[in-house]
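J.: Got a structure here, written out as structure tokens. Questions coming.
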């Protein structure tokens, strides 16, 4: 009727990273964030965000720093560079000030973007030093 979990089973379920992380509206976080799971930002983050999954910036979300992830869905405000290996979406009334590096890019007509756009899988994989050399 009842099953018992041993210690290794519990550790396995904790480290899988299947859940999503939410930074809710009204929260201000200063510092860098790294995650292996999805992130949703509805508050304010002052720092860089790095995830191997999807990053969502909600309509009340504000990010002052660089964003790097597998996919990114931006509805709020971002001041910094955005790097998405697969799909980058700029939706709604989002405001992005910074350069975009994306495998694929989707921009809605109401979105605002000021910066340079670099597309293709190979440009996303380049590190910052290689990108500066390629731009010059």
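The values are calculated or read from the model by the stated rules, or taken from the named source; none is laboratory data. Keep in mind it's a predicted model, so treat the numbers as computed, not measured. In this analysis, Cβ positions are derived from the backbone assuming ideal geometry, glycine residues included, and neighbour counts consider all displayed protein chains.
J.: Farther than 16 Å from residue 111 by Cα, without any contact (Cβ under 8 Å) to a residue 60 or more places away in the chain and assigned to a strand (DSSP E or B): does that describe residue 72? Before you say what the answer is, go through the steps one by one.
T.: Working: farther than 16 Å from residue 111 by Cα: no; without any contact (Cβ under 8 Å) to a residue 60 or more places away in the chain: yes; assigned to a strand (DSSP E or B): yes.
Judged against the criteria, residue 72 is not a match.
J.: Can you tell me which of 49, 33, 28 is at pLDDT 85 or above and within 18 Å of residue 88 (Cα to Cα)?
T.: Numbers: 33 fails: within 18 Å of residue 88 (Cα to Cα); 28 fails: within 18 Å of residue 88 (Cα to Cα).
Being at pLDDT 85 or above and within 18 Å of residue 88 (Cα to Cα) holds for just one of 49, 33, 28, which is 49.
J.: Taking region 86-112 as the region of interest, how many residues are surrounded by 17 or more Cβ atoms within 10 Å (Cβ to Cβ), touching a helix residue (DSSP H, G or I) at 6+ places or on another chain (Cβ under 9 Å) and either in a strand (DSSP E or B) or modelled with pLDDT under 95 (or both)?
T.: Residues in region 86-112 being surrounded by 17 or more Cβ atoms within 10 Å (Cβ to Cβ), touching a helix residue (DSSP H, G or I) at 6+ places or on another chain (Cβ under 9 Å) and either in a strand (DSSP E or B) or modelled with pLDDT under 95 (or both): 3 in total.
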